[in-house]
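Colleague: Quick one: the structure is below, questions incoming.
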Amino acid sequence: MPGNAERPAPRTEGEVLPGGTALRPHAEDAFAHELAALAAADDRPRPERWRLSPWAVATYLLGGTLPDGTVITPKYVGPRRIVEVAVATLATDRALLLLGVPGTAKTWVSEHLAAAVSGDSTLLVQGTAGTPEEAIRYGWDYARLLAHGPSRDALVPSPVLRAMAHGTTARVEELTRIPTDVQDSLITVLSEKTLPIPELGEEVQAVRGFNLIATANDRDRGVNDLSSALRRRFNTVVLPLPETAEAEVEIVTRRVEQLGHSLDLPATPDASDEIRRVVTVFRELRDGVTADGRTRLKSPSGTLSTAEAISVVTGGLALASHFGDGVLRPGDVAAGVLGAVVRDPAADRVVWQEYLETVVRERDGWKDFYRACREVSA
């Protein structure tokens with residue numbers, strides 16, 4: 001009977017539905033063919049337990065064409081020397097700190113470095129105000145701890161401890177978000193390359209190949225500043241914002257294309273005009289001056305980063321694909337631009353209205369964008 005139709009059994013916790021596709025594959029999975037091609041063509045010396053040589057890791061990050069014709073897509077668009085210094089740091093016993101304002105691809109670079117060096121980018125500690133020391137050191141399976149006391153079986157290793165034991169790369173995201181006393185639990189790991197376990201009267205010594213990549217937002221200065229003792233254990237590499245508008249447009253275009261593919265957004269005609277327009281707006285408001293240098297501007301409270309530009313354009317493409325004719329137009333990105341610029345409803349709205357009336361309204365070829373922005377701002 002219809003009312004007694006057999007129902008599927010409830011899904012147990014942790015079960016993955018068959019046929020599911022990861023929304024965002026890990027770097028080592030998404031670019032497995034590139035990593036395999038690099039490994040096959042790589043005949044240079046490799047540090048112990050590295051999947052690729054430092055040269056191949058840099059090529060993976062920066063892009064290039066291999067002798068067999070395989071094209072390695074750029075993962076980072078910026079100064080080559082920055083990537084070379086980062087890779088060379090990981091080949092030493094110094095940990096790497098990627099520092100920069102929001103949206104400078106710190107996490108993206110961190111993930112791809114770990115994928116290229118160790119073939120595993122998942123040994124990750126996500127820094128927050130509530131990150132406990134156990135996330136960096138180790139925790140306990142309390143059922144086993146209460147039943148049998150401290151033992152190896154009851155120990156729950158952190159991603160850092162697992163990386164030490166296997167000679168791979170660990171990652172700590174948003175290091176300055178972590179409370180200072182928890183941050184300092186890394187000092188012994190980075191200086192002595194060992195992690196004591198007093199409860200067992202043991203220690204775990206890092207296997208050769210182990211290293212750590214941390215990221216930090218330099219706008220967070222004063223939140224949980226790194227102690228001088230911890231900062232000395234890192235080699236700091238600052239990731240800058242894209243130097244030119246052309247470089248930023250290239251980054252946004254490439255990432256939007258990748259995200260559109262992973263989200264199965266329908267193919268759309270060339271969106272370069274609107275991408276360039278969004279990038280121009282963000283750069284001018286971020287820099288406090290128009291591209292021609294003639295007009296000084298007030299800057300809003302937000303960062304207006306490249307990552308936010310990518311989000312605005314991707315959202316606009318979704319609107320154009322699902323609720324329009326598939327062509328990205330000013331009306332599809334206007335609401336996203338407004339949301340990115342106006343974070344403080346009082347102060348930022350004044351900045352935005354002034355920019356619209358003094359710059360956008362008078363710019364040739366921007367009338368449609370001006371009208372779309374006025375409509376969503378009303």
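Colleague: Which of 27, 78, 67 sits closest to the plus end of the dipole of the stretch 26-92, meaning its Cα is farthest towards the positive end, when Lys and Arg get +1 and Asp and Glu get -1 on the C-beta?
Modeller: Going by the Cα projections, it comes out as 78.
Colleague: Then there's this: I need the shape label for the stretch 245-377. Rule: rounded when a/c is under 1.5, else prolate if a/b > b/c, else oblate, with a, b, c from the alpha carbon gyration tensor.
Modeller: Numbers: a/c = 1.72, a/b = 1.57, b/c = 1.10.
It comes out prolate by the Cα gyration axes.
Colleague: Treating only the Cβ of Lys, Arg, Asp and Glu as charged (+1, +1, -1, -1), what charge dipole size does the chain show about its Cα centre? Round to the nearest 20 debye. The partial results should precede the final answer.
Modeller: Numbers: 42 positive and 52 negative charges, 128 e Å.
So the dipole magnitude of the chain works out to roughly 620 debye.
Colleague: Related question: What lysines does residue 106 reach when the alpha-carbon gap must be under 18 Å and sequence neighbours fewer than 8 apart in one chain are set aside?
Modeller: Straight-line reach from residue 106, under 18 Å: 75.
Colleague: Over its Cα atoms, what ratio of radius of gyration to 2.2 N^0.38 Å does the chain give?
Modeller: Values: Rg = 24.1 Å, N = 378, 2.2 N^0.38 = 21.0 Å.
Ratio of Rg to 2.2 N^0.38 Å for the chain: 1.15.
Colleague: Contact order normalised by length for the chain, with contacts defined as Cα pairs under 8 Å and 6 or more residues apart; what percent is it?
Modeller: Details: 582 pairs, mean separation 54.3, N = 378.
Reported as a whole number, the value is 14 percent.
Colleague: Pop a pseudo-label 7 angstrom from the Cα along the beta-carbon direction at both residue 325 and residue 294 and give the gap in nm to one decimal.
Modeller: 3.3 nm
Colleague: Rounded if a/c is under 1.5, else prolate if a/b beats b/c, else oblate: with a ≥ b ≥ c from the C-alpha gyration tensor eigenvalues square-rooted, which is the stretch 53-93?
Modeller: Details: a/c = 3.31, a/b = 1.63, b/c = 2.03.
Judged from the Cα gyration tensor, the stretch 53-93 comes out oblate (a/c at least 1.5, b/c at or above a/b).
Colleague: Still on this model: Using mean Cβ contacts within 10 Å as the protection proxy, how do 256-262, 240-246 order, highest first?
Modeller: Details: 256-262: 16.0, 240-246: 14.3.
Top to bottom by mean Cβ count within 10 Å: 256-262, 240-246.
Colleague: Hey, another quick one. If you take the charge dipole of the stretch 116-206 about its Cα centre, with +1 on Lys and Arg Cβ and -1 on Asp and Glu Cβ, which of 117, 205, 188 is farthest toward its positive end?
Modeller: 117
Colleague: Around residue 191, with a cut-off of 10 angstrom between Cβ atoms, what is the net charge of the other residues, counting Lys and Arg +1 and Asp and Glu -1? Display every interim value, and only then the final one.
Modeller: On the way: positive: 193, 232, 233; negative: 93, 192.
Net charge around residue 191: +1.
FYI, it's all coordinate maths here, none of it is from the lab. Model, not experiment: these values are computed from the prediction. Please note: Cβ atoms are built from the backbone with ideal geometry, for glycine as well, and neighbour counts cover all protein chains shown.
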